[in-house]
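The values are calculated or read from the model by the stated rules, or taken from the named source; none is laboratory data. Just so we're clear, the structure is a prediction, and the values are computed from it rather than from any experiment. We place every Cβ from the backbone using ideal geometry, glycine too, and count neighbours over all the protein chains shown. We work out accessible area using only protein heavy atoms, side chains counted, and drop any ligands, DNA or RNA first. Shrake-Rupley method; radii C 1.70, N 1.55, O 1.52, S 1.80 Å.
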Amino acid sequence: MMVLITYDVNITTEAGKKRLRHVAKQCVNYGQRVQNSVFECLLEPAQFVALRNKLEAIIDKESDSLRYYFLGRNWRRRIEHAGSNRVFDPEGTMIV
Amino acid sequence: MRRLLNVLYVTNPESYLAKDGENLVVRVQDKEVFRTPIHYLEGIVTFGYMGASPALLGMCIEKGVAVSFLTRSGRHQATLHGIPKGNVLLRRKQYRLADSEEDSAKLASMFVIGKLANCRTVLRRFMSDYGAKVQIEEVDLVCKLMAQNVIRLSNEPSLDKVRGIEGESARKYFSVFDNLITCQKPEFYMRGRNRRPPLDNVNALLSFLYSLLLHETRAALQTVGLDPYVGFLHRDRPGRAGLALDLMEEFRPYMADRLALSLINRRQVTGDGFIQKESGGVIMKDTVRKVVIDAWQKRKREEITHPFLEEKIPVGLLPYAQALLLARHLRGDIDGYPPFVWK
């Protein structure tokens, strides 16, 4: 399933900046960065649970927020893109 | 059934493959050109010499991502062979059967039966599609021969005879293959199969598709815990993935030949995409290679009902499904190995 993950991490403190880096790093491991704090992750349910646990252990629930949008298996119909930033299709042909 | 994951094809000879966290990163002249989480992939195929970092290769082994290194022309050079997965007892059984001439012959004939049946279907499909327009007598004759040879194989005890029938059938099949090419006649013709190097456009295309297919069957066998290097029809030779070649036989007509034909007949590849070298060998230009890989990946995502498992699976998982059935047969869970026969 395709999960869209977005986050807001409060970076007014040093600890906040650190959390932001850690959240971003975990998201990069599991999916594709499509915008600055927006990731598209094609995951098995078990992988999603693992990622969620990792992310929620990092953030500070008082000041940060995480949102997951479940786009399911037919996620392609639910996404439209305009403008810059090249994004690849994780199920499409990958040639470099 | 497993999920069909993606395969990354690296055709730019200046690419360097590296690891960053759980990502695979492709760099060209120190600039990042591609990045993907490793769990999107089940394989990496690279063409031409290029670098890959040891850290990346380590991660590929750990995650079970098959990495194949091919030459620019698509000939198979090396594969990353990680720690064997699965059960040592299964592999021992495989070796024992491979040591026995009689057992090898039985299995070998099943692979060849699959191949001939599928060759026949390729020809028959062609005849029903184009029957009225072209002269088909000889195609029909080869069809009949294939059917006879399948029967001969089903009670064929000796390995040499299996090989003999296989060779004869393959020659006959390729002798009428030219009839199946209906477009772009001057540039694309088949006057017999040749390789190392392929001497004409069609042979170059076929060789290339076969090496993509070999990557898939080899990876599939490894995933189920079989040793791709010990075959039944193809005997041991250093560096040759005998069992992967065995398993590949039944898929050649269905997955590669048909794709080659439709690429030519639909004019998706054209004669100017091929270059003849001084040595006589023919290689494909990068643009054609990309078209072929794209068509191959699309083909793999199409769905088909597996004739034995009676389950709908993507075409790309067929080698895996057959490897699974082979492993089950070797374990003794099913009596015979049912080759993939396309109806």
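Springs between Cα atoms under 10 Å define the GNM used for chain A, and in it the highest mean-square fluctuation of A:A24, A:A57, A:A82 occurs at A:A82. With a Förster radius of 60 Å applied to the C-beta separation of B:R267 and A:K17, the computed FRET efficiency comes to 0.60.
The antiparallel fraction among DSSP beta bridges confined to region B:1-145 stands at about 55%.
Which translational diffusion coefficient, to the nearest whole µm²/s, is obtained for region A:1-44 from the Stokes-Einstein equation, given a Kirkwood hydrodynamic radius over C-alpha pairs, 4 °C and 1.567 mPa s? Here the translational diffusion coefficient equals 120 µm²/s. Between B:V28 and B:T305, the contour length at 0.36 nm per residue exceeds the Cα-Cα span by 95.6 nm.
Computed on the Cα trace of region B:251-343, the radius of gyration divided by the Kirkwood hydrodynamic radius gives Rg/Rh = 1.12. Computed from the alpha carbon positions, the gyration tensor of region B:62-186 leads to an equivalent ellipsoid with semi-axes of 34, 24, 12 Å, biggest first. Considering only A:R78, A:R52, A:R67, the Gaussian network model of chain A with Cα springs below 10 Å gives its largest mean-square fluctuation to A:R78. Short-range pairs are left out: with C-alpha atoms under 8 Å and at least six residues apart, the relative contact order of chain B is 17 percent. Global size of chain B: 20.1, 60 Å for Rg and Dmax (C-alpha atoms, Rg to one decimal, Dmax whole).
Here is the P(r) of region B:1-114: all C-alpha pair distances, binned every 10 Å from 0, give 12, 34, 27, 18, 8, 1 in whole percents.
Restricting to DSSP H runs of at least four residues, report the calculated mean residue ellipticity at 222 nm for chain B, -39500 (n - 2.57) per run over all residues, nearest 500 deg cm²/dmol. About -15500 deg cm²/dmol. The GluC sites (Glu not before Pro) of chain A that meet both conditions, a loop assignment by DSSP and at most 10 other Cβ atoms within 10 Å of the site Cβ, are A:E62, A:E80. With the helix formula -39500 (n - 2.57) applied to DSSP H stretches of n ≥ 4, chain A reaches a computed 222 nm mean residue ellipticity of -10500 deg cm²/dmol. Within region B:200-248, the percentage of alpha carbon pairs spaced more than 11 angstrom apart rounds to 65%. Each residue of the protein assembly as shown gets 170 Å³ once the volume of the Cα convex hull is shared out per residue. Separation of the alpha carbons by more than 28 angstrom is noted, of B:K63/B:K300; A:K17/B:K31; A:K18/B:K85; A:K25/A:K61; B:K172/B:K298, for A:K18/B:K85; B:K172/B:K298. With only alpha-carbon pairs counted, each pair once and no self-pairs, how large is the Kirkwood hydrodynamic radius of region B:157-239 in angstroms? Kirkwood hydrodynamic radius for region B:157-239: 15.2 Å. The Rg/Rh ratio for chain A is 0.99, where Rg is the radius of gyration of the alpha carbons and Rh is the Kirkwood radius.
Rolling a 1.4 Å probe over the protein chains gives B:Y173 an accessible area of about 0 Å².
A crude spin-label estimate for the pair B:K285 and B:R196, with each label 7 Å from Cα along the Cβ direction, gives 3.0 nm.
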